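Here's the structure we're looking at; comments come further down.
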Amino acid sequence: MDEKNQEEWLDRQLREAAPYIEDDGFTARVLRKLPPTKRRDRSLRSIILIGLAALGSALAYVLSDGGRFVVIEMSRLATIPTLWLFALALGSGILVMTGGLIASLSKTADLQS
C-alpha cells in the first residue's frame with residue numbers, strides 16, 4: 001500500500017508543479033538545432049489503400065460469379081433442419097462469447113500489471 005501512496009503523492013506533485021521550469025533558453029536552443037520535420041503526403045497513401053480495396057472487392061465479385069454463391073448458400077441454409085440451425089446459432093454464440101471473455105481477461109491482466 002505504501003507504493004500506491006507514493007504514486008499518488010508523485011502524481012499530485014507533478015500536477016501541482018509549475019507548467020514550465022526555467023532553463024535559461026536550453027529547450028529553445030535544442031529545438032532550433034533539431035532538423036525540420038518531414039511532411040508526409042498522406043493523401044497518396046489513402047488513395048492507394050482505397051484503390052486496392054476497391055480492386056480487391058471487384059476481383060472477388062468477378063471471381064465469385066457475380067456474388068451468386070451468396071444466393072446459393074442462402075438457399076442451402078433455408079433447407080437445413082431447424083435443430084441444426086439452432087445448434088449452429090448456439091455454437092456461434094458460445095464461440096463469440098468465449099472470444100469476448102478471453103479478450104476481457106487479457107485486458108484486465110494488462111490493466112493490473
Segment 75-92 - residue that is surrounded by 10 or more Cβ atoms within 10 Å (Cβ to Cβ) and closer than 25 Å to ALA60 by Cβ and, of those, modelled with the highest pLDDT: SER92
All positions within segment 1-25 that are aromatic (Phe, Trp, Tyr) and surrounded by 10 or more Cβ atoms within 10 Å (Cβ to Cβ): TRP9
Flag for ILE21 being over 30 Å from GLN112 (Cβ atoms) and either at pLDDT 80 or above or in contact with a Cys (Cβ under 9 Å, 6 or more places away or on another chain) (or both): no
Answer from LEU49, LEU95, LEU111, LEU105 - the residue that is hydrophobic (A, V, I, L, M, F, W, C), under 30 Å from LYS4 (Cα atoms), at pLDDT 85 or above and within 22 Å of the chain's Cα centre (by Cα): LEU105
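The values are calculated or read from the model by the stated rules, or taken from the named source; none is laboratory data. As the structure is a computational prediction, the values presented were derived from the model and not from experiment. Every residue, glycine among them, receives a Cβ derived from its backbone with ideal geometry; neighbour counts consider all protein chains shown.
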